[in-house]
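Before we start, here is the structure in question, set down as structure tokens.
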Amino acid sequence: MADRETRPTTVWSRPDRGARGPAPERSRTQITAAALALADAEGLAAVSMRAIAQRLGTGPASLYRYVGSRDELLDLMADAVAGELDLSGTPGGDWLDDLVGLALQSRAAHVRHPWLADLNDRRGEVLGPHAIDYLDHALAILAPAPGTGGQKLEAIGLMGGLAVLFARREVGATAGTAAGATAGAATDGDPAAARAAHLAAVAAEGRHPHLLAALTTAGAPPPADRDALFVTLLRRLLPAMLGQGDA
């Protein structure tokens, strides 16, 4: 009983709607979809319970039977995007190839939803079921890789940080301080991983050729080819974080 009382309460640990009130007219999925559409169109700042209610043709108070606060709505939104990633594939035997493929999906999701990077800046963000599935899938990919469990979590954090940073630049975000904060959040508080992600993204801008040469192999793709550079950096940095050396 004591464990049940001390277990953290999240939006996913409660029923889909409160027991009181009239018969359900909405669902959390519908509310979350409306919030995603609004954020995609107008940015994260536009998302409020009132604005979502207007989109759905109802009153704000009715939404609180499904979602307790705006913070919970943001958690639902982040997890819905995590649910867009395809985790159905079986690891193909080359953990680095599989992890790079997952990173490309993550970066594409951040490009589709530019506001997602702002969510990554939030402290204390709750991991939802889709995000936990993503983390477990990434760890399954890394099962045959060298390194400790902690190193693997740091490598996943670095991968996420690079995905966010490259996506920010792809959608035109150039605020260096915001990018640095995002790297710190996306790498789960690991300073070394955050610094590596930030340096890699700075090198991708092409204004520091010596830094770029140090982070990539001879004959690496030019900075203008962001897709190829993103993959090259991942293939260089991830094995190094796991103590493998050159891939």
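Every number in this text was worked out from the coordinates using simple rules, so none of it is lab data. Here the structure is a predicted model, which is why all the values come from computation and not from measurement. So basically every Cβ, Gly included, is an ideal-geometry build from the backbone, and we count neighbours across all protein chains shown.
With r defined as the distance between the Cβ atoms of SER69 and THR148 and R0 fixed at 45 Å, what FRET efficiency is calculated, to the nearest 0.05?
Once rounded, the FRET efficiency stands at 0.75.
For a test of the definition: using alpha carbon positions, the gyration tensor, and the 1.5 limit on a/c, classify the stretch 66-136 as rounded, prolate or oblate.
Prolate, because a/c is 1.5 or more and a/b exceeds b/c.
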